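The values are calculated or read from the model by the stated rules, or taken from the named source; none is laboratory data. Keep in mind it's a predicted model, so treat the numbers as computed, not measured. All Cβ positions, glycine included, derive from the backbone under ideal geometry; neighbour counts span all protein chains shown. Heavy atoms of the whole protein, side chains included, go into the accessibility calculation; ligands, DNA and RNA do not. Shrake-Rupley method; radii C 1.70, N 1.55, O 1.52, S 1.80 Å.
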Amino acid sequence: MAFAEKIRMLREERGLTQTVAATEMGLSMRGYQNLELGATPRYQSLLCVADYYNVSVDWLMGRTEKREINR
């Protein structure tokens with residue numbers, strides 16, 4: 001599953017609109033839409049998304065199947 005598909009799935013699991021998710025993460029609406037459309041995330045955006053949804057960056061980027069953060 002690609003990054004865009006994962007963040008769309010996470011957002012829908014929480015029952016959020018793109019506008020609400022973007023606002024709560026501190027991202028622009030257009031920027032968040034672009035991520036869901038397949039844009040490559042910038043480092044800071046990637047961290048915002050991972051922190052907001054409480055998932056690992058490695059999972060978001062397809063490096064592991066483990067959603068959990070190793071802390």
> Out of these labelled values of Rg and Dmax of the Cα atoms in Å, (1) 14.2, 46; (2) 20.4, 71; (3) 11.0, 32, which was calculated from the coordinates shown here?
Replying inline: (3)
> Where the accessible area of the chain is counted over protein heavy atoms with a 1.4 Å probe, how much of it, in %, is carbon and sulfur?
Replying inline: 48
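Could you do me a favour and compute the accessible area per residue for the chain, 1.4 Å probe, result in Å²? Write down the numbers at each step before the final one.
Details: 4600 Å² over 71 residues.
Accessible surface, normalised per residue, equals 65 Å².
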>> For the chain, which GluC sites (Glu not before Pro) pass both filters: DSSP loop (anything but H, G, I, E, B) and at most 14 other C-beta atoms within 10 Å?
In response: 65, 68
> Which one of 55, 20, 35 has its Cα pushed farthest toward the positive end of the charge dipole of the chain, where Lys and Arg give +1 and Asp and Glu give -1 at the Cβ?
Replying inline: 35
>> Could you tell me the relative contact order of the chain? Use alpha-carbon pairs under 8 Å, at least six residues apart, and round to a whole percent.
In response: 33
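For residue 5 and residue 37 in one chain, what is 0.36 nm times their gap in residues minus the Cα-Cα distance, to one decimal in nm? Could you put the intermediate results ahead of the total?
Working: separation 32, 0.36 × 32 = 11.52 nm, distance 0.86 nm.
Answer, rounded to one decimal: 10.7 nm.
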